[in-house]
Amino acid sequence: QVQFVESGGGLVQPGGSLRLSCTASGIAFRFNTMGWYRQAPGKQRELVASIASGRTTNYADSVKGRFIISRDNAKNTVYLQMNSLKPEDTAVYYCNAGIPPTFTWGQGTQVTVSS
């Protein structure tokens with residue numbers, strides 16, 4: 001059974017930082033492209049960043065230069081370092097394998113950027 005467990009969200013002021021983690025189980029993690037997605041209220045879920053098995057990364061224009069995606073294959077975990085956060089980054093953040101995403105979504109982790 002494939003499972004994604006996201007953590008690390010919270011309330012942060014504009015300009016602050018957070019580091020999200022997502023641990024996957026039930027997949028051959030090291031061979032999968034992993035993606036971080038987010039869904040803001042009233043909006044569609046969107047791809048924020050992805051990292052391939054060879055560690056090539058891609059970012060949405062809205063987060064380029066502020067977010068960094070990384071992975072630890074030994075821990076089956078993908079990370080999202082989020083810096084210079086803006087109110088428009090407020091959303092529930094999810095991870096998944098494959099682009100487009102292949103598996104059922106986890107519970108996500110809420111990120112709220114507000115003063």
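The values are calculated or read from the model by the stated rules, or taken from the named source; none is laboratory data. This is a predicted model, so every value here is computed, not measured. FYI the Cβ positions are ideal-geometry reconstructions off the backbone, even for glycines, and counts take in every protein chain you see. The accessibility values were calculated without ligands, DNA or RNA, using every heavy atom of the protein model including side chains. Shrake-Rupley method; radii C 1.70, N 1.55, O 1.52, S 1.80 Å.
Here are the numbers:
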quantity	calculated
Max mean-square fluctuation residue, GNM over the chain, Cα-Cα springs under 10 Å, options Asp61, Asp72, Asp89	Asp61
Rounded accessible area of Ser17 (nearest 10 Å², 1.4 Å probe)	60
1.4 Å probe accessible area per residue over the chain, in Å²	52
Per-selection Kirkwood Rh - the chain (Cα, Å, 1 d.p.)	13.9
Stokes-Einstein translational diffusion, segment 63-115 - Kirkwood Rh over all Cα pairs, 1.002 mPa s, 20 °C, in µm²/s	169
Neighbour-limited loop hits for trypsin sites (Lys or Arg not before Pro), segment 46-115 (at most 15 other Cβ within 10 Å; DSSP other than H, G, I, E, B)	Arg55, Lys64, Arg66
Simple Cβ-charge dipole of the chain, Lys/Arg +1 and Asp/Glu -1, about Cα centre, in debye nearest 20	180
Gained length - Gln3 relative to Ser53, 0.36 nm times residue gap less alpha-carbon distance	16.1 nm
Reachable lysines, given that their alpha-carbon falls under 22 Å from the alpha-carbon of Lys43 and they are not under 8 places away in the same chain	Lys64, Lys86
